[in-house]
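Following: one structure in structure tokens, then a few remarks.
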Amino acid sequence: MQEEIKSIEIITPDDWHLHLRESPIIESIFPYSFSNYGKAIIMPNLENPIIKFSQAMEYYKKIKSLITSGYKFEPLMTLFLSEETRAIDIYEGAKSGILKAIKFYPEGVTTNSYRGIKDISKMYNLLEKLPDLNIPLLIHGETANSKVDIYDREAYFLEQTVYKLRNKIPELKIVLEHITTKDSVDYILENNINTAATITAHHLILNRNNLFDEGLRPHYFCRPIVKREKHRIAVRKAATSGNSKFFLGTDSAPHFDHNKESSCGCAGIFSAPNALGYIAQIFEEDSALNNLENFISINGAKFYNLSLNSTLSKFTKFKEAIEYPSKIKVGKGLITVFNPGYPLYWKNEILN
Ligand code: DOR
Ligand code: ZN
């Protein structure tokens, strides 16, 4: 029998998909990211989406100003692709070094995506400029067409949109964000080296039964919606395989409880406080701790052509369950922390 691994040291992880929001939420939730990760891709879907480089610069400065001394966290900024996006903003952003990606949301597909794209083929001219700038396109890969069954929207979008885009611009770096299906896993594996995917902690843990377990679970509602068990298993296999095309993007997406526990609840799961611990636990369960560093600390940076973090992080398994806050208070509101329904035993810390 193999000896139980109780602790490992690896390069400090990155989060390749993170929602930090704005004041007053950002002040309360950001410490959970800058104290655990070296870098993160910051999503641009604010209420007023970040379309211009000047907005990205302002947001970057705000984020930097909130980092407590002693932490080296670097926010990697993105622009929200809209029909008004101008090439000059992308050029300026790339030149400044702070812009690291462009995010493509189909119009209306999720939170604050009302200025997203109706027809991506109209944007091909602009997207053709990205490879030379080493700027990847990050795709929320779900159709916004409400006639398509919600469980089929990711596979449908792959067929209708991603195939064509990929064929049109083979050298474009594409990240399919928060993949949830076997279809997406297979697509990534078969496609060229410019194609990768992020995977969340919650999509490795939940299937669609969990969403309706003894009643409706609003804190398990996210976009893309959690899928059938066979899809969860395929995504989990991809993550724990260590394959360089898959890396962690938590999609930690805080919403106030009153907006989630509502007659039309918002999509999003807030997992920044415990995603890394649960990820380590998953890799342990799947006898894949030797691939943890690839998935959370190496693969993403390599795909983006960025340096690996210079610090190490220690992951430790405890005998007793680790406590984490069940909710975070923001003013008079509350934000629920992801709770998969079973205890957490792994904890991580950045070593100096
Ligand atoms: O569940 C989600 N929440 N999925 C997204 O794509 C967006 C995010 C948010 O911003 O709330
Ligand atoms: Zn997201």
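Assorted remarks:
- Going from the fewest other Cβ atoms within 10 Å to the most, the residues Leu206, Leu312, Leu211 appear in the order Leu312, Leu211, Leu206.
- Counting every C-alpha pair in segment 218-352, the share spaced more than 25 angstrom apart comes to 34%.
- Placing a label point 7 Å from the Cα of Gln160 along the Cα-to-Cβ direction, the residues of segment 107-136 whose backbone N falls under 17 Å of that point are 107-110, 114, 116-123.
- Amide proton proximity set for His17, modelled H, under 5 Å, gap of 5+: Ile41, Thr250, Asp251
- Positive-end extreme of charge dipole, the chain - chosen from Asn348, Ser23, Asn194 (charges on Cβ): Ser23
- Shown for the chain is the translational diffusion coefficient from the Stokes-Einstein equation, using the Kirkwood radius over Cα pairs, a temperature of 4 °C and a viscosity of 1.567 mPa s: 64 µm²/s.
- Ordering Glu293, Glu4, Glu261, Glu159 from the fewest to the most neighbouring beta carbons within 10 Å gives Glu4, Glu159, Glu261, Glu293.
- Size of charge dipole - the chain - debye, nearest 20, with Cβ of Lys, Arg +1 and Asp, Glu -1, no other charges: 420 debye
- Neighbour counting of Cβ atoms within 10 Å sorts the residues Tyr345, Tyr32, Tyr163, fewest neighbours leading, into Tyr163, Tyr345, Tyr32.
- Convex hull (Cα only) mean projected area of segment 295-351, reported in nm² to one decimal: 6.3 nm²
- Ordering of 265-271, 68-74 by burial proxy (mean other Cβ atoms within 10 Å per residue, highest first): 265-271, 68-74
- Volume per residue of the C-alpha convex hull in segment 131-247, rounded to whole Å³: 106 Å³
Read-outs throughout are calculated quantities, based only on the coordinates presented, and are distinct from any laboratory measurement. It should be emphasised that the depicted structure is a prediction, and the values quoted were computed from it without experimental measurement. For neighbour counting, all protein chains shown are included, and Cβ atoms are generated from backbone atoms with ideal geometry for every residue, glycine included.
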